[in-house]
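Student: Sharing a structure here in structure tokens format.
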Amino acid sequence: MNRMPRYEILTSDAMDVLDTGWRRLLTEVGVQFDSPRALALFREAGQRVDGDTVRLDPGFVLEQVAKAPSEFGVRARNPGRSVRIGGDGMAFGAVYGPPFVREGEVRRDATMDDFRRLAMLAQTADALDSAGGVVCEPNDAPLDSRHLDMVRALATLTDKIYMGNVVSGENARDTLAMSSILFGGRDAIEADPVTISLINCNSPLCWDGRMLDALFEYSAANQPVVLTPFLLMGAMSPVTIPAALVQQIAEALSGIALAQLIRPGAPVVFGSFLSNIDMQSGSPCFGTPESGMGLLCTGQIARHFGLPFRSGGALTSAQLPDAQAAYEGLMTLLPTFLAGANFVMHAAGWLEGGLVASYEKFVIDLQLVEMLQHEFTPLEIDEASLAFGAHEEIGHGGHFLGAAHTLERFRTCFYRPFLSSSENHERWLKNGAADTAARAAGIAAGRLAAYEPPPLDDGIRAELDDYVTRRRRELGD
């Protein structure tokens, strides 16, 4: 979707202070890269390499960042679902990474069946541009080969864009091979990217070797990567928001610089995952005022560098899809829209600090995202919308229920929520007195029952299946 102008809170003086901060962090402290290939690239580029720590020249970093496109396309299997990341666009994906699921009163290990059902649920949701990547972690599938079934599910059960697997370089190569089958070959996907993948920093100031192996594969193939510092203030960064922002800039830009060394012009996203811990318990907190402030600042910072940015979602620490889950989710989603996040992960289904993918929360979040998408759609102001003729028809002291202007528009003039109840008390009781979570469960079940898989060429499907079978055998599963 396209959105209204962004809300910005950093003054030019504040930006100057942050600019000085990240430059000092890169030159005086440096960033650790757990990858001989990365260290070799930085050394060849004239950067100071001491062991596995690179002290980067800010001018060099900015030169590399300037090579990255300010926006780019990601092609979906259904051309009508392709997206552009950057500019005035926002793209939304489902929750990413939970090892558990909650369905009704039951909290349990996630399974491959859950993965498929959540991908199917995402396919039914017009508010989502992607099912994401690891919609949940299917613990009943073999660890070495589960990524094959996950990518196949995303590629066949949905026709939207999907995220690549980043557990290892080998998993990334499998994602690229399967994507090549789906989209007509390696040359085709390099010319027109088809995946977008999450590369997390092991904050503070360390890029993990396995993630970097995946980065090398995706960037070399010209597939977009989201370089994301993982900052929980008080644990992975200092407790002050300015310090966290400086660290975030240093980490993100150092990763982006590496991506450009791998392949100049490779598409990247300035990633942000910034919140705080509970200083009494040490537990992560989500939907906090501090995370919202950090999100608003990050949008402004990413635009300062001319980069698309990722942040936001419907994050919550709540254990159930209850009032806390809803208001904390909105506390993150609203600044997500105000900041103009270009790629929004965790937009639906996140529960319990990201440990749980919830079917009910998935639907509740879809309702929030849909309402915000409607709210942030610019108004059309013209002669028809001013409705002067309705005043001429009704005159003074009447009502507009029967006006021609109303009768022409009453079916579509207001957004109608699919989850909310506006029934009176008696009708609500008669219809079962269901609360929001119960209604959401019914909607999820109904959508899954009505799901129809998007069409896919039988030859491509067979080739994907053969690849998965062969690779599973090679991996020993």
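The values are calculated or read from the model by the stated rules, or taken from the named source; none is laboratory data. Here the structure is a predicted model, which means the values were calculated and not measured. Backbone-built Cβ (ideal geometry, glycine too); neighbour counts: all protein chains shown. For the accessible areas, the whole protein counts, side chains as well, though only heavy atoms, and no ligand, DNA or RNA atoms are used. Shrake-Rupley method; radii C 1.70, N 1.55, O 1.52, S 1.80 Å.
Student: With a cut-off of at least 1 residues that are of a type in the set (Phe, Trp, Tyr) and either open to solvent by 10 Å² or more (accessible area, probe 1.4 Å) or free of Cβ contacts under 8 Å to residues at least 40 places away in the same chain (or both), name the strands (runs of 3 or more DSSP E) lying wholly within region 77-185.
Tutor: Ranges flagged: 100-103, 161-163.
Student: Let me ask something additional. When region 60-76 is examined, which residues are found to be part of a strand (DSSP E or B) and not β-branched (Val, Ile, Thr)?
Tutor: Glu71, Phe72, Gly73
Student: Follow-up. Quick check on this structure: which one of Ala438, Ala434, Ala449, Ala390 is of a type in the set (A, V, I, L, M) and loosely packed, with under 11 Cβ neighbours inside 10 Å?
Tutor: Matching residue, one of Ala438, Ala434, Ala449, Ala390: Ala449.
Listed here are the residues, each with its yes/no results for (1) surrounded by fewer than 24 Cβ atoms within 10 Å (Cβ to Cβ); (2) without any contact (Cβ under 8 Å) to a residue 40 or more places away in the chain; (3) at negative phi; (4) hydrophobic (A, V, I, L, M, F, W, C).
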residue	(1), (2), (3), (4)
Gln248	no, no, yes, no
Val268	no, no, yes, yes
Gly271	no, no, yes, no
Leu274	no, no, yes, yes
Met279	yes, no, yes, yes
Gly299	no, no, yes, no
Asn342	no, no, yes, no
Met345	no, no, yes, yes
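Student: Would you mind stating whether Pro289 is closer than 28 Å to Ala326 by Cα and open to solvent by 10 Å² or more (accessible area, probe 1.4 Å)?
Tutor: So Pro289 passes the test.
Student: Please give the number of the condition Thr377 fails out of (1) under 23 Å from the mean Cα position of the chain (by Cα); (2) not in a loop (DSSP other than H, G, I, E, B).
Tutor: Among (1) under 23 Å from the mean Cα position of the chain (by Cα); (2) not in a loop (DSSP other than H, G, I, E, B), Thr377 violates only (2).
Student: Counting only residues that are small (Gly, Ala, Ser) and within 20 Å of Arg310 (Cβ to Cβ), which one in region 347-365 is surrounded by the fewest Cβ atoms within 10 Å (Cβ to Cβ)?
Tutor: Of everything passing the filter in region 347-365, Gly353 is surrounded by the fewest Cβ atoms within 10 Å (Cβ to Cβ).
Student: Considering only residues of region 452-477 that are open to solvent by 60 Å² or more (accessible area, probe 1.4 Å) and under 30 Å from Val363 (Cα atoms), which is farthest from the chain's Cα centre (by Cα)?
Tutor: Arg461
Student: Follow-up question, since we're still on this one. Which residue, of Leu333, Leu307, Leu295, is buried (at least 21 other Cβ atoms within 10 Å of the Cβ) and not in a helix (DSSP H, G or I)?
Tutor: Selected residue: Leu307, the only one of Leu333, Leu307, Leu295 that is buried (at least 21 other Cβ atoms within 10 Å of the Cβ) and not in a helix (DSSP H, G or I).
Student: Ok, one more. Tell me whether region 366-374 contains one or more residues that are aliphatic (A, V, I, L, M), open to solvent by less than 10 Å² (accessible area, probe 1.4 Å), at pLDDT 95 or above and not in a helix (DSSP H, G or I).
Tutor: no
Student: Report yes if Leu338 is outside any helix (DSSP H, G or I), open to solvent by 10 Å² or more (accessible area, probe 1.4 Å), under 19 Å from Gly271 (Cβ atoms) and of a type in the set (A, V, I, L, M), otherwise no.
Tutor: No; evaluated as a whole, the condition is false for this residue.
Student: Just the residues that are touching a residue at least 60 places away in the same chain (Cβ under 8 Å) and of a type in the set (A, V, I, L, M), please, taken from region 331-340.
Tutor: Leu338, Ala339
Student: Related question: Within region 223-233, does at least one residue satisfy the condition of being open to solvent by 10 Å² or more (accessible area, probe 1.4 Å), touching a Phe, Trp or Tyr at 6+ places or on another chain (Cβ under 6 Å) and under 24 Å from Ser70 (Cβ atoms)?
Tutor: No - not one qualifying residue is present in region 223-233.
Student: Restricting attention to region 449-458, does a residue exist that is on the phi > 0 side of the Ramachandran plot, in a loop (DSSP other than H, G, I, E, B) and without any contact (Cβ under 8 Å) to a residue 24 or more places away in the chain?
Tutor: no
Student: Would you tally the residues in region 207-222 being more than 24 Å from Ile161 (Cα to Cα), out of contact with any Gly (no Cβ under 9 Å at 6 or more places or on another chain) and open to solvent by less than 30 Å² (accessible area, probe 1.4 Å)?
Tutor: 1
Student: State all residues of region 38-59 that are assigned to a helix (DSSP H, G or I) and either within 24 Å of the chain's Cα centre (by Cα) or crowded, with 16+ Cβ neighbours inside 10 Å (or both); if no residue qualifies, say none.
Tutor: The answer is Ala38, Leu39, Leu41, Phe42, Pro58.
Student: Looking at Ala235, Ala250, can you tell me which residue is at pLDDT 95 or above and assigned to a helix (DSSP H, G or I)?
Tutor: Within the list Ala235, Ala250, the selection yields Ala250.
Student: Sticking with this structure for a sec: Which residues, counting only those in region 417-428, are surrounded by 10 or more Cβ atoms within 10 Å (Cβ to Cβ), without any contact (Cβ under 8 Å) to a residue 24 or more places away in the chain and part of a loop (DSSP other than H, G, I, E, B)?
Tutor: Ser421, Glu423
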